[in-house]
Every structure is written in structure tokens, then in C-alpha cells.
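Each remark here refers to the structure printed beneath this line.
The values are calculated or read from the model by the stated rules, or taken from the named source; none is laboratory data. Here the structure is a predicted model, which means the values were calculated and not measured. Glycine also receives a Cβ, built like all others from the backbone with ideal geometry; neighbour counts cover every protein chain displayed. Keep in mind that these areas ignore ligands, DNA and RNA; they rest on the heavy atoms of the full protein, side chains included. Shrake-Rupley method; radii C 1.70, N 1.55, O 1.52, S 1.80 Å.
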Amino acid sequence: MGLFNVTHPASFLLTGLPGLESFNSWLAGPLCVMYAVALGGNTVILHVVRVEPSLHQPMYYFLSMLSFSDVAMSVATLPTVLRTFCLDARSIPFDACLVQMFFIHSFSMMESGILLAMSFDRYVAICHPLRYATVLTNEIIAGMGCAVTVRSFITLFPLPFLIKRLPICKSNILSHSYCLHPDMMKLACADITINSIYGLFVLISTFGMDLLFIFLSYVLILRSVMVIASHEERLKALNTCVSHISAVLAFYVPMIGVSTVHRFGKHAPRYIHVLMSNVYLFVPPVLNPLIYSVKTKEIRRAIVRMFQRMKM
């Protein structure tokens, strides 16, 4: 028998909000608005960074990578989420579900890696300003972007095969309006130890290590800032980090919340788990362009100039 010669359902059934199916149509409008903001806002940032020479700097190159990962994440979830909530079309083919699962986890990991790269950018800019231009060259930035992408692909490449080797026969109903590895493996009627161990390894070795190094970079940044004599200069230095800190919180707080609810909130209503998972996937792509547009005056000015040119 072949490795994947096991029982799989022809398709999975996605879920909106368990127990609140009658509210699915009411949620379709807000979801469409969130997707419009995420796709529109991040596309605008990608465009202004590309066309504005003043934004051709390491910080904004990393911001472009962050916006790209947010657009890709939104595109990966959009088809099934809108079909589930707007059309009540819940079925998704088994192989299509595997593909979506891979892309959702990959782009999420890419975002974590980009946030780490952005923390390194802030560390060099504040702690070693005279070396900033020589350390963060275009070649180094491109290499960091490629490293983040390759890490995501290599680390998550086994996931679809780990699912495909499992016989899925408990049910074909998923807990979300998109496909995730933990959700799919729970439907297997076989030992899922390998899947669980590998999933935990991926979580700790990537997201966990990224968060640790982001934290350490800000410890070094704070230590460097505290030796600055002028209070105004301290605030000016820290103010350059506000947007990045906000993006880190928007990404990791929902992720930690989802993990906490799944681990300690077993008796919470099922729709709470689903809502938390949706917040984790939808909030960062929506908030990031708003955060950087509001807190970064260079981005704000570039956007204003872009719209002014459009009116001419």
C-alpha cells in the first residue's frame, strides 16, 4: 500500500460561527469591509513605497514585505470565508483545503519573520546609527526577505503530507471558515502524535524564537536609549519604534490569546474559539496599514501626495 493510500473525505465542510449560523449573513458585511481595508490599505502602502524615492530605505522595504504578507494572507482566506458567510457554500475539496492550510500557515510565519527583521532594523538604527547604511544594504535586505520566505516554505512543506498520511474518518466538518493544521488533524482516526510534535516544534522554533529575539532587540534598544542625556532625544528615538511595537502586538497578542483559549478555555463556548481564531487571522492585515499610515508621517505624506496626483 502507498503511503497516502488511506481514507480521506472528498471534501470538508467549513463552519461559520457554531451555534450562531443565523448571524452569518450579518457578519458578511463587516467581513467585506475588513477585507477591503486589508487589501486596499496594504496595496496602497506597496504602491507608495515603490513610486516614492524618499521611501526607498530599509525600514520601508521591510514595511513593503509586511504589507505583501498581509495581502497574501487575506487572499488565502478570502475565498472560503466569504463563500461561507455570504453564500453559505461550506464545501471545500480535500486537496484545496491542504493548499489553503499550507499558504495560511506559511504567510503567518513569514509575517513573524518580517516583524523580527523590522526589529533588527530598529536596533541598528538606534544602537548603531553610523553603521546603518553599511549594515542594511539592499543586498542584505533582499537576503533577509528570501531567508524568511525559504524558512516558511521548508518548515511547513511537510504539513500537507503529514495530514495526507492520516485517515480522516471521524468527521469532515472543520471548526473554521478556512483550513488549519490543528483543526484537520483532530478529525483523524489514527495516532496524531507526529503531527502534534511537529506542530509544537514549528511553533516554538519559529514564532517562539522570533518573539524572543524581538524582545531581546528591544531590551538592547532601551538600554541604548537610556544613556541618551536629552529627554527629548529619548522620546524621538523611541517614537520611531511605536509603529513596529504596535504591529508586533497586533500580531502576537491575538496569537497568544488563541493559544490560551484553546489550552485553558476548553469549557468556553465553541464560537469563542472561532472568534479568537478569526481575530488572529484578520486583525493584523487590517491594523498594520492603519498603524503605519497614522504613526509614520513619511508614509502619510506619500499617500497624500499620491491622491493629490490622482486628482490632477
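Step by step: first the residues of segment 164-187, then only those that are among the aliphatic types (A, V, I, L, M) and either closer than 17 Å to Gly16 by Cα or touching a His at 6+ places or on another chain (Cβ under 7 Å) (or both), then the one that is most open to solvent (accessible area, probe 1.4 Å). Which residue is that?
Filtering segment 164-187 for residues that are among the aliphatic types (A, V, I, L, M) and either closer than 17 Å to Gly16 by Cα or touching a His at 6+ places or on another chain (Cβ under 7 Å) (or both), the one most open to solvent (accessible area, probe 1.4 Å) comes out as Ile173.
Restricting attention to segment 230-273, report how many residues are among the β-branched types (Val, Ile, Thr), farther than 19 Å from Leu203 by Cβ and loosely packed, with under 15 Cβ neighbours inside 10 Å.
Number of matching residues: 2.
Sort out which residues of segment 49-74 are open to solvent by 30 Å² or more (accessible area, probe 1.4 Å) and at pLDDT below 95, and write them in order of number.
Arg50, Val51, Pro53, Ser54, His56, Gln57, Met59
Taking into account only those residues within segment 15-48 that are modelled with pLDDT under 90 and of a type in the set (A, V, I, L, M), which is farthest from Ile303 (Cα to Cα)?
Leu20
Working only within segment 75-127, note down all residues that are crowded, with 21+ Cβ neighbours inside 10 Å and touching a strand residue (DSSP E or B) at 6+ places or on another chain (Cβ under 8 Å).
Listed by number, the residues that qualify are Thr80, Ile92, Cys97.
If Ala142 meets every condition in (1) within 18 Å of Leu55 (Cα to Cα); (2) of a type in the set (Gly, Ala, Ser); (3) touching a residue at least 60 places away in the same chain (Cβ under 8 Å) apart from one, which number is that one?
Only one criterion in (1) within 18 Å of Leu55 (Cα to Cα); (2) of a type in the set (Gly, Ala, Ser); (3) touching a residue at least 60 places away in the same chain (Cβ under 8 Å) is unmet by Ala142, namely (3).
Based on this model, can you work out whether Ser11 counts as touching a residue at least 40 places away in the same chain (Cβ under 8 Å), open to solvent by less than 40 Å² (accessible area, probe 1.4 Å) and closer than 19 Å to Cys179 by Cβ?
yes
Cβ-Cβ below 8 Å, separation at least six or inter-chain, first residue in segment 185-199 and more than 14 Å from Lys164 (Cα to Cα), second open to solvent by 50 Å² or more (accessible area, probe 1.4 Å) and assigned to a helix (DSSP H, G or I): which pairs?
Hits for this filter: Gly199/Pro182.
I'd like the full set of residues that are open to solvent by 30 Å² or more (accessible area, probe 1.4 Å) and at pLDDT 85 or above, limited to segment 274-290.
Correct list: Val283, Leu287, Leu290.
Do we find a residue being modelled with pLDDT of 90 or more and among the aliphatic types (A, V, I, L, M) anywhere in segment 224-235?
The answer is no; no qualifying residue exists.
Can you confirm whether Ile291 is in contact with a Ser or Thr (Cβ under 6 Å, 6 or more places away or on another chain) and closer than 18 Å to Gly40 by Cβ?
Yes; evaluated as a whole, the condition is true for this residue.
Can you say whether Leu130 is of a type in the set (A, V, I, L, M), at pLDDT below 95 and open to solvent by 30 Å² or more (accessible area, probe 1.4 Å), as far as the supplied structure shows?
yes
So if I check each of Thr84, Thr149, Thr155, which one is at pLDDT 95 or above, farther than 30 Å from Ala302 by Cβ, out of contact with any Cys (no Cβ under 8 Å at 6 or more places or on another chain) and not in a loop (DSSP other than H, G, I, E, B)?
None of the others qualify; the one that does is Thr155.
Within segment 275-312, how many residues turn out to be in contact (Cβ under 8 Å) with a residue 12 or more places away in the chain, under 19 Å from Ala38 (Cβ atoms) and either outside any helix (DSSP H, G or I) or of a type outside the set (S, T, N, Q) (or both)?
20
Looking at segment 260-271, can you tell me whether even one residue there is of a type in the set (Val, Ile, Thr) and either part of a helix (DSSP H, G or I) or over 23 Å from Ile45 (Cα atoms) (or both)?
yes
Quick one: is Ser217 in contact with a helix residue (DSSP H, G or I) (Cβ under 7 Å, 6 or more places away or on another chain), under 30 Å from Met65 (Cα atoms) and not β-branched (Val, Ile, Thr)?
So Ser217 passes the test.
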